[in-house]
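> Structure provided below as structure tokens; questions to follow.
The values are calculated or read from the model by the stated rules, or taken from the named source; none is laboratory data. These numbers were taken from a predicted model, which means no experiment stands behind them. Glycine gets a Cβ as well: all are built from the backbone with ideal geometry, and neighbour counts include every protein chain shown.
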């Protein structure tokens, strides 16, 4: 205490520096000592700030006092901002957890949820609905979800029929094939689309965003996302076991094929649900598991909860920016890709991303 | 079948899908309890396949595997994993698990799929690490270890599993002499505790150094089996390896070399 005072006395500038350094050191220290508590607290703070952040009544900030007696502001927060905030959290958690599960199960740290035909399947379903089903929110979501799951199912079925290689290689291969088929399908649909009305809709949907989300979407997402995430959370130590090679995990009592399929279904199912609502939101599933492992180590017992929390924080911050940066909406997918790629690059340059082999 | 067999197989056939040649053909064999058995043969003779069938990860097309005299189907997956441990060859660990976290995975057979390891498991894992002499490396990431240390850590993980039967696939591959010596000490200590051990190797000298009994394999078939020193004659080894092999006697022990 006395030392700080004498620092202050020495002049304002060094005093400020010392405080800043002290504060940042304090945060890092707390992060390392109680990482989960710090992450939960951060999420709560971001959640609270998100409620007051937006373009009404003026850009960026709605004062709590105004919220107390402005009826329009209350309705706006309740019917527009809150469901969007909840959806952004679910989106981030589902994509990050799914990325983590895929990376561990495929024993490949460079895999993300777009991997098993899910993203491209959803994009195809959305484009199909925009052109042939009128593209109402309900048909669009249903069609995107249907094709997201179809992408997953096709990848899985195809992997079972390929006659060579281990099943991970087969799944990866069939995922690439199914994604390519759907993405060429999206190309065909784009070519057929009305360039003035339908094409922009398709393009905008594939950029990803949560602008259309309401409470009904949240209610539709909740059981699939929550169910999937709870299962993944409960089996998180087991995930370590399933990241070892087949013979080893078998020798330790796991049923590698069955247990991996169950976790895949839970994690990719949750991701497919959020993709069907939000469109293609990239990089969260790839980047966040790396940040979580950097923070909490490889053991999924500790890193998976951190991964979910970090995913929620990252998606929420990106979505806050998406809806408040400009008068119009900035597509969420663009922001997550931009920030995600930059962060990934920074981590790679610092040597924080480790890929074996 | 004698009651003393930890593992026995009878009339075993196995083919990998898509391959015309059977990988294992009409195999019958008994692994006695508490003894060390070497499965010896040239590359591609089916040693690893046999180990994988014994482990249960491969199912034979024909024939039966008996575990302590009982058909394998009588045991649940979890019961089997408490009985049989595996030390695989050159395992690839894709993430930076610490040595202790990795060894703790050996406790999985004693935990339900939703359970996390507790203090008791931690104690057992640390003890297993001390047994292989790597307690001081417990916080080190596994991928950063040398090949020899990694092999010892894989053994520690299998020890944490506390199995009655330990299968080791080419346990001395990639190990220098000092690590080989260390590994032999560990295997001897386990043998003294009556842990049944089965290891595959293409090196007859390792069989001589370690194994009570040896099974000679070639092209998916068992050529012969018996007490190691009596079994490994120059004629048999020359026929197995298709090359002239000489067996010397040095200080009362066999030493096998190319002629």
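> Filter the stretch A:324-343 down to residues that are in a helix (DSSP H, G or I), touching a residue at least 60 places away in the same chain (Cβ under 8 Å) and touching a helix residue (DSSP H, G or I) at 6+ places or on another chain (Cβ under 7 Å) and give me whichever is surrounded by the fewest Cβ atoms within 10 Å (Cβ to Cβ).
A:334
> Condition first: modelled with pLDDT under 90, within 30 Å of residue B:96 (Cβ to Cβ) and within 14 Å of chain B (Cβ to nearest Cβ). Can you find one or more residues in the stretch A:261-268 that meet it? Please lay out each step first, then the result.
Within the stretch A:261-268, the subset modelled with pLDDT under 90 is A:261, A:264-265, A:268.
From what's left, within 30 Å of residue B:96 (Cβ to Cβ): A:261, A:264-265, A:268.
Going one step further and asking which of them are within 14 Å of chain B (Cβ to nearest Cβ), we end up with A:261.
There is at least one residue in the stretch A:261-268 that is modelled with pLDDT under 90, within 30 Å of residue B:96 (Cβ to Cβ) and within 14 Å of chain B (Cβ to nearest Cβ).
> Does the stretch A:344-355 contain at least one residue that is in a helix (DSSP H, G or I) and touching a helix residue (DSSP H, G or I) at 6+ places or on another chain (Cβ under 6 Å)?
So far as the stretch A:344-355 goes, yes, one or more of its residues are in a helix (DSSP H, G or I) and touching a helix residue (DSSP H, G or I) at 6+ places or on another chain (Cβ under 6 Å).
> Could you please tell me which pairs satisfy a Cβ distance under 7 Å, a separation of 6+ or placement on different chains, a first residue in the stretch A:101-114 that is at positive phi and within 11 Å of chain B (Cβ to nearest Cβ), and a second residue that is modelled with pLDDT of 90 or more and in a loop (DSSP other than H, G, I, E, B)?
Every condition considered, the pairs that remain are A:107/A:243.
> Which residues, counting only those in the stretch A:230-243, are within 7 Å of chain B (Cβ to nearest Cβ) and either within 15 Å of residue B:90 (Cα to Cα) or in contact with a helix residue (DSSP H, G or I) (Cβ under 8 Å, 6 or more places away or on another chain) (or both)?
Correct list: A:235, A:237, A:238, A:240, A:241, A:243.
> If we keep just the residues of the stretch A:148-170 that are in a helix (DSSP H, G or I) and free of Cβ contacts under 8 Å to residues at least 24 places away in the same chain, which is farthest from the other protein chains (Cβ to nearest Cβ)?
Per the stated criteria, the residue is A:153.
Yes or no, residue by residue, for (1) crowded, with 19+ Cβ neighbours inside 10 Å; (2) in contact with a strand residue (DSSP E or B) (Cβ under 9 Å, 6 or more places away or on another chain); (3) modelled with pLDDT of 95 or more:
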site: B:34; (1), (2), (3): no, yes, no
site: B:39; (1), (2), (3): yes, yes, yes
site: B:46; (1), (2), (3): yes, yes, no
site: B:51; (1), (2), (3): yes, yes, yes
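> Restricting to the stretch B:198-230, give me the number of residues that are farther than 16 Å from residue B:35 by Cα and buried (at least 21 other Cβ atoms within 10 Å of the Cβ).
6
> Give just the number: which of (1) buried (at least 21 other Cβ atoms within 10 Å of the Cβ); (2) farther than 30 Å from residue A:300 by Cα does residue A:113 not satisfy?
With respect to (1) buried (at least 21 other Cβ atoms within 10 Å of the Cβ); (2) farther than 30 Å from residue A:300 by Cα, residue A:113 is out only on (2).
> Inside the stretch B:94-195, counting only helices (runs of 4 or more DSSP H) that do not spill past its ends, which hold 2 or more residues that are outside the structural domain of residue B:46 (by TED's automatic domain parsing)? Full working, then the answer.
Numbers: elements: B:99-104, B:119-131, B:147-160, B:177-192.
Counting at least 2 such residues, we get B:99-104, B:119-131, B:147-160.
> Could you figure out which of (1) part of a helix (DSSP H, G or I); (2) under 25 Å from the mean Cα position of the chain (by Cα) isn't true of residue A:211?
(1)
> Among the residues that make up the stretch B:133-142, is at least one of them within 11 Å of another protein chain (Cβ to nearest Cβ) and surrounded by fewer than 22 Cβ atoms within 10 Å (Cβ to Cβ)?
The answer is yes, given that some residue of the stretch B:133-142 is within 11 Å of another protein chain (Cβ to nearest Cβ) and surrounded by fewer than 22 Cβ atoms within 10 Å (Cβ to Cβ).
> Can you tell me which of A:273, A:261, A:254 is surrounded by fewer than 24 Cβ atoms within 10 Å (Cβ to Cβ) and either in a helix (DSSP H, G or I) or in contact (Cβ under 8 Å) with a residue 12 or more places away in the chain (or both)?
Testing whether each residue is surrounded by fewer than 24 Cβ atoms within 10 Å (Cβ to Cβ) and either in a helix (DSSP H, G or I) or in contact (Cβ under 8 Å) with a residue 12 or more places away in the chain (or both) leaves just A:261.
> Any idea how many residues of the stretch A:177-209 are without any contact (Cβ under 8 Å) to a residue 24 or more places away in the chain and either surrounded by 20 or more Cβ atoms within 10 Å (Cβ to Cβ) or under 23 Å from residue A:91 (Cα atoms) (or both)?
Of the residues in that region, 1 qualify.
> What strands (runs of 3 or more DSSP E) lie completely within the stretch B:1-93 and have 2 or more residues being within 14 Å of chain A (Cβ to nearest Cβ) and within 24 Å of residue B:191 (Cβ to Cβ)?
Where strands (runs of 3 or more DSSP E) fall fully within the stretch B:1-93 and carry at least 2 residues being within 14 Å of chain A (Cβ to nearest Cβ) and within 24 Å of residue B:191 (Cβ to Cβ), they are B:84-87.
> Return yes when residue A:224 is away from every other protein chain (no Cβ under 14 Å) and either in contact with a helix residue (DSSP H, G or I) (Cβ under 7 Å, 6 or more places away or on another chain) or buried (at least 19 other Cβ atoms within 10 Å of the Cβ) (or both) and no when it is not.
Judged against the criteria, residue A:224 is a match.
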